[in-house]
Amino acid sequence: LQSHLDTCTPLWLLVLLLLGCGLAREGGSILNCPPKCVCASNIISCSKLGLGVIPTKLPRFTAILDLSHNNLTRLPAFCHVPHLRYLDLSSNSIKVLEELLFSQLQELEVLLLYNNQIAQMDRSAFDDMARLQKLYLSQNQISRFPMELVKDRAKLPDLALLDLSANKIKGLPVAALKGLPAWMKNGLYLHSNPLSCDCGLYELFTHWHARQLSSVVDFREELVCSLPLAKRSVSVFTLNSQDSLNCSEFKEHMLETYLGDTLTINCDTKVRGATTREWVTPNNRRFPEETANSTMTVLSNGSLQIRLVRVEDMGTYTCYAVSQAFNETLYVDVMVHNFTQHGPHDTLNTAYTTLVGCILSVILVLIYLYLTPCRCCCRGNEKLAAQPEDSINSSMLSTTPNHNPEAAGRKGSLSHLAASGPMQGQNGKVKPNSTPEQVARRAQKAPRKMSDPDSVSSVFSDTPIVV
């Protein structure tokens, strides 16, 4: 009898299992399975049933729910399935993702929304989904890149895959995407979008391709963009050619620092979850190591910190990341400038003082050109006074000898006349009152030229002022 019971036990278990599945298929009370749906344990499949609304009577312990290939247009709040971990809503007619739509699904890890008609997406639709790891939004009508999904790491801290391919996105926040960790960029799919071509886009995807990120390497041919003037699409990786935008060739940027600074080098691996990170410096020292007074330290997140940077710290650093699923080697080039970086208050540097000196020189030249006193050209025709003492005063104030050839000629002739005897008047008559001194005095009454160096005013007006 005992042996007979042992033989029949597997058969009875099979019968009970079949009965349970039949009751679940017909909406029995064992699993409270919705009509026409297939239920097994905590898995419910209501796919391809033409549903216009989501069934309301779903078991609370449901972990996997498949509602794909139906006619759903709007989604209710999923408050009756708090333990859901996998939700498939693909291939429906959903158009709007409303505010706080999935906030009740705090244990959800995978959400499929591809092949819908989603055009509007509230920024808070995915709030409070701390465990979400994969989000599929491809083949929709999304025209704005949802930066809030990747920028704010506190909102979706575990999100490792975001598929936005085959949408209507034309522009990308290139600067913000460059700052994302490599493991997040590795799962950010942006191919088959009508992107607008620019050199920033070329640099972004060329860098991702150089890092061998899956989002670019696996869909290289589908990464195209539209040229600004020509109505045609070209590959993003050909924007450096002369017949497109002639962008500069991509080169990996060095990490630059200055003497005495503190530098942190990240081991930015493309797969999350590395358990061990080891660094090798340019002089082949390995970190972490048991050196008490070393200026290099490996932080808890795997980054290498260098305190009081020296010129000897310049070179290529190698990070070896090891985990159970993958091994990765990362190289980082560091450039150390052989001077300290100026602080924000050091404004009187060489360039600044040079600029100030040039401006002051220009101002002084303008003052000289436009504010110099009048040269008094109008006084060139004035007669000198006829008093004998004027000649004496002029001779006393003269600083240089007269080099005027005409004056020298006159002086020579006067000396000749004085030596030859008394002067003759008109018609050859002798004028006894005309002495040689009087003749010299009359000769000096001739008008003085403005540039005569014997004049004191000429010295001050004709000589340029040197500053």
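The values are calculated or read from the model by the stated rules, or taken from the named source; none is laboratory data. Because the structure is predicted, anything quoted here is derived from the model rather than measured. Using ideal geometry, Cβ is built from the backbone for each residue, glycine included, and neighbour counts are taken over all protein chains shown. Quick note on the areas: whole protein, heavy atoms, side chains included, nothing else; ligands and nucleic acids left out. Shrake-Rupley method; radii C 1.70, N 1.55, O 1.52, S 1.80 Å.
Checking the stated criteria, Asp127 turns out to be open to solvent by less than 40 Å² (accessible area, probe 1.4 Å) and either outside any loop (DSSP other than H, G, I, E, B) or in contact (Cβ under 8 Å) with a residue 24 or more places away in the chain (or both).
Scanning the range 132-185 for residues that are among the polar types (S, T, N, Q) and either open to solvent by 30 Å² or more (accessible area, probe 1.4 Å) or in a helix (DSSP H, G or I) (or both) gives Gln133, Gln139, Gln141, Ser143.
Checking the range 294-305 against the condition returns no match, with no residue being under 25 Å from Asn186 (Cα atoms) and in contact with an Asp or Glu (Cβ under 6 Å, 6 or more places away or on another chain). Consider Glu252 carefully, then state whether it is closer than 23 Å to Asn186 by Cα, open to solvent by 60 Å² or more (accessible area, probe 1.4 Å) and in contact (Cβ under 8 Å) with a residue 24 or more places away in the chain. Yes: the conditions hold for Glu252.
Scanning the range 258-278 for residues that are in contact with a Ser or Thr (Cβ under 7 Å, 6 or more places away or on another chain) and either under 28 Å from Pro157 (Cβ atoms) or assigned to a loop (DSSP other than H, G, I, E, B) (or both) gives Leu259, Gly260, Leu263, Thr264, Ile265, Asn266, Cys267, Gly273, Ala274, Thr275. Summed over the range 255-300, the residues that are open to solvent by less than 40 Å² (accessible area, probe 1.4 Å) and of a type in the set (S, T, N, Q) give a count of 4. When the test is whether a residue is over 30 Å from Leu105 (Cα atoms) and either among the aliphatic types (A, V, I, L, M) or not in a loop (DSSP other than H, G, I, E, B) (or both), Gly200 passes it.
Comparison of Thr291, Thr297 shows that the only residue that is at pLDDT 85 or above and farther than 25 Å from Gln212 by Cβ is Thr297.
May I ask you to verify whether Asn246 is closer than 30 Å to Leu100 by Cβ and outside any helix (DSSP H, G or I)?
no
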